[in-house]
Amino acid sequence: MDRQTVFSGLQPTGNVHLGNYLGALRNWVKLQDSYDCVYCVVDLHAITVDYDPKQFESDRLEAAKVLMATGIDPDRSLFYFQSQVPQHSELSWILGAMTPTGVLGRMTQYKDKVAKGEAANLGLFAYPVLMAADILLYHANLVPIGDDQRQHLELTRDLAERFNNRFGEVFPIPDALIPETTSRVMSLTDPTSKMSKTDPNDKSRVLILDSPDVVRKKIRSAVTDSDPDVRFDPAGKPGISNLLEIMSACTERSIDDLVEEYGSRGYGKFKDAVADAVIAALAPIRNAYENLDDEEVARIMRRGALDARTKAEGFQQIVREATGLAAL
Ligand code: TRP
């Protein structure tokens, strides 16, 4: 059997943080050993909310560099900017023609963004259709995503089925891939909500490229509680439990093991150990990032886009034939 195809996308919105790394990117890197992976910097998704074009350009390059620094290997995986492969937009239009607007209006992420004051434009509304197109374009089988994207993947599966029923079997029905070690990294300043790119408080997250000093300061100031024991109790002690999860993910030691070592040594010692673990986990990434040359990365991304276009065009010809849109 052919190797299965994995597809995932990262928005180039800057602020790539420890939660992104431990919860997703680290797993993307591992998947390269077992699957044909397609990793896309989804810049078209990111322009559906207000943005500054100059800042965007540098965030876009930074996202590509961060992914490469974590270990995404452009020689093994298809790796490129979504906007450079027009087949994404073409398939998105075709799928959009069969997407009920009522379904899109019920998408949680859309409703949340509009409730938070984002303009309810067509791009934001159609965002999940473009995401479905990303995935189906390469006939992907597996899609590593976080919990917040499950609803979008459900829509993708529905659209694939709808398409297949109407036009013939073209698309495999993709499955979500939620990593075994789902490290759900929470905010350092409000450990009951997820670590987020958009939290206005910088101290709420450790960025992948933060210097060791900054990492240590942020971990030291992480919100905890006044009971002195280091114990895993997400409901009662969300701050300490989050730090235990983070340290466990960075060291690959079990939480029990960490509790045994740090249980009664006080929060100060424990936080220092967490900081050491995070700094050690991020050091190779920072190092690799600093050794990347912008021009060279740009060249790699152009080459990736060329390869992706070739591959996507082959698949799109099948879609065009099935839908009556083939070249005459
Ligand atoms: N919507 C995803 C997110 O915000 C990004 C994304 C776009 C994506 N296209 C995708 C993820 C396709 C997986 C597959 O995280």
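Reported count of residues in the range 144-169, each being part of a loop (DSSP other than H, G, I, E, B) and within 13 Å of the ligand (Cβ to nearest atom), is 2.
In the set (1) part of a loop (DSSP other than H, G, I, E, B); (2) under 23 Å from Y127 (Cβ atoms), D33 fails one condition alone, (2).
You will find that of I240, I208, the residue that is away from the ligand (no atom under 14 Å from the Cβ), surrounded by 15 or more Cβ atoms within 10 Å (Cβ to Cβ) and under 23 Å from C37 (Cα atoms) is I208 and no other.
Let's see how each residue does on (1) open to solvent by 50 Å² or more (accessible area, probe 1.4 Å); (2) at pLDDT below 95; (3) among the small types (G, A, S):
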| position | (1), (2), (3) |
| --- | --- |
| A280 | yes, no, yes |
| I285 | no, no, no |
| E290 | yes, no, no |
| E296 | yes, no, no |
| R302 | yes, no, no |
| L306 | yes, no, no |
| T310 | yes, no, no |
| I318 | yes, no, no |
| A322 | no, no, yes |
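The condition (being touching a strand residue (DSSP E or B) at 6+ places or on another chain (Cβ under 9 Å) and among the hydroxyl-bearing types (S, T, Y)) is satisfied by just one residue among Y21, Y80, Y51: Y80.
The values are calculated or read from the model by the stated rules, or taken from the named source; none is laboratory data. Owing to the predicted nature of the structure, the values given are computational and were not obtained by experimental measurement. A quick note on method: Cβ atoms are made from the backbone with ideal geometry, for glycine too, and the neighbour counts reach across all protein chains shown. What goes into the accessible areas is simple: the full protein's heavy atoms, side chains included, and nothing from ligands, DNA or RNA. Shrake-Rupley method; radii C 1.70, N 1.55, O 1.52, S 1.80 Å.
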